[in-house]
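Data first, discussion second: the structure below is written as structure tokens.
The values are calculated or read from the model by the stated rules, or taken from the named source; none is laboratory data. Since this is a predicted model, take the numbers as computed values, not measurements. Glycine also receives a Cβ, built like all others from the backbone with ideal geometry; neighbour counts cover every protein chain displayed.
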Amino acid sequence: MKARLSVMTMFLMISTMVAVGQGTKWKYMGEKLVNDRLDHDVIMVTAARGALNAIQIRVKGGPVDFHRVIIVYGNGSRQEVAMRNTIGPRGVSRPIDLIGDDRIVRSVEFWYDANTTRGRKAIVRLFGRG
């Protein structure tokens, strides 16, 4: 009886973890190539990608120094995120929660510069979670 109860408890725990994990799937939103100099770029996000509750920034190639990020919503309101930190190659930002309920994101603006050497470029990739 105890063994059966343990198996059932484990099954419920695994089922719950799978269900929670399905709601946290990150969707690719776009990317930009970053130069060695201070740069400002915008990644446009279409409403077809749906409402989001968080974004995440991922970096490939070389480290990138982020100065600030601005999220522009479909209704024109803006959310500024102060990011005075470096994300290394293959690094990931913390999930950045969007203000309010699920929101339609129109674009995300970045102010940053790459810490690359010998002409290597860095790529900043944007992901969203609904």
Under the condition of being assigned to a loop (DSSP other than H, G, I, E, B) and surrounded by 10 or more Cβ atoms within 10 Å (Cβ to Cβ), which residue from region 26-47 is modelled with the lowest pLDDT?
-> Asp36
Inspect region 4-19 for any residue being among the basic types (Lys, Arg), more than 28 Å from Arg120 (Cα to Cα), in contact with a Gly (Cβ under 7 Å, 6 or more places away or on another chain) and modelled with pLDDT under 90 and give the result as yes or no.
-> no
